[in-house]
1. Looking at this structure, is residue 139 surrounded by fewer than 17 Cβ atoms within 10 Å (Cβ to Cβ), within 22 Å of residue 90 (Cβ to Cβ) and at pLDDT below 95?
2. Can you find a residue in region 180-197 that is of a type in the set (S, T, N, Q) and buried (at least 20 other Cβ atoms within 10 Å of the Cβ)?
3. Is it the case that some residue within region 65-84 is over 28 Å from residue 172 (Cβ atoms), of a type in the set (A, V, I, L, M) and touching a Ser or Thr at 6+ places or on another chain (Cβ under 9 Å)?
4. In region 155-194, how many residues are in a helix (DSSP H, G or I) and either more than 17 Å from the chain's Cα centre (by Cα) or hydroxyl-bearing (Ser, Thr, Tyr) (or both)?
5. Would you call residue 14 under 19 Å from the mean Cα position of the chain (by Cα), among the aromatic types (Phe, Trp, Tyr), crowded, with 17+ Cβ neighbours inside 10 Å and closer than 25 Å to residue 142 by Cβ?
6. With the requirement that a residue be surrounded by fewer than 16 Cβ atoms within 10 Å (Cβ to Cβ), in a loop (DSSP other than H, G, I, E, B) and among the hydroxyl-bearing types (Ser, Thr, Tyr), what does region 240-282 give you?
7. Any idea which of 101, 70, 123 is closer than 16 Å to residue 153 by Cβ, in a loop (DSSP other than H, G, I, E, B) and of a type in the set (Gly, Ala, Ser)?
Amino acid sequence: MSDQPLITPTDRIFVAGHCGMAGSAICRALQRAGYTNLLTATREQLNLENPEAVQGWFETMRPDVVVLAAAKVGGIHFNNTYPADFLLDNLKIQTHVIESAWRSGVRRLLFLGSSCIYPRLAAQPIREEALLTGPLEPTNEWYAIAKIAGIKLCQALRLQHGFDAISLMPTNLYGPGDNYHPTNSHVLPALIRRFHEAAQAKAASVTCWGTGSPLREFLHVDDLGEACVFGLEQWQPGPEELQFLNVGTGVDLTIRELAEAVAAATGYQGEIRWDTSKPDGTPKKQLDVSRLAALGWTARIPLAEGLASTVTDFVAQGSTRL
């Protein structure tokens, strides 16, 4: 590796998707690390699905570094209901940003993927080599295919043009700024909303989807932000090395255990029921995070601590958080 730093405090760093949960956490982490020259744009200011607008913005603003955290996201119901939207919108967003970054001379780009890129029945814990070795989980395959295309575009631009693009694949995220919508959120924020409302109403029971048996891993979004800064500063893979790394805690628990933990954190004391007619999704999804750990980064926020602060954040937001 060169003695020159991969990024510097004077770099103009564009965080695409800065209003989202991941993007806002990445901005906080960058600022804590001394990177204050951040470029951001709301959807009203820059529609990432418009290629001409994106290219024009890059030519005008001239960022040195890009973090691509913008994406259309949602839970099982939303993925199943809007498969074309998930595929088309995410392909547009990431292709326009990545191509414009390369064409306008951006020095370094970090693409944020997802652990859903891996096969549904991949060997556990999932190593990066599992990519494209088996069928995807049907309940989020459209989002996964878009993310795989993003990883491969970064890889192709590095191979053909020497563009310094890297990717990180986070496990399930939670934390401040999450989406708590009753139908299109992910499992943990959906549980927080449901159990908080049940506790307030003193409901006798709460019904959750599936059997409660799937195993999931959860990473606090502030840990992801720190991992992104670490990757930008420290990780420069060689031409024959993997261009993407897993980010997680390496620890999982059942959805039933998660529901019980959320119930306790929200003060709900009623019965928890399970609607087994609803899909479970992938039976187990735990990432092998040994490569990132070997480079010197590990998650630091335990689930109990992160869950308590996330519930506090949700309650503090009140009716403003859907």
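1. In short, no.
2. Start the filter on region 180-197 by keeping residues that are of a type in the set (S, T, N, Q), which leaves 183-185.
Next, only the ones that are buried (at least 20 other Cβ atoms within 10 Å of the Cβ) stay: 185.
Yes, because at least one residue in region 180-197 is of a type in the set (S, T, N, Q) and buried (at least 20 other Cβ atoms within 10 Å of the Cβ).
3. No.
4. Selection size over region 155-194: 11.
5. On the way: under 19 Å from the mean Cα position of the chain (by Cα): yes; among the aromatic types (Phe, Trp, Tyr): yes; crowded, with 17+ Cβ neighbours inside 10 Å: yes; closer than 25 Å to residue 142 by Cβ: no.
Spelling it out, it is not the case that residue 14 is under 19 Å from the mean Cα position of the chain (by Cα), among the aromatic types (Phe, Trp, Tyr), crowded, with 17+ Cβ neighbours inside 10 Å and closer than 25 Å to residue 142 by Cβ.
6. 276, 277
7. Result of the check over 101, 70, 123: 70.
The values are calculated or read from the model by the stated rules, or taken from the named source; none is laboratory data. As the structure is a computational prediction, the values presented were derived from the model and not from experiment. All Cβ positions, even for glycine, are placed from backbone atoms using ideal geometry, and neighbour counts span all protein chains on display.
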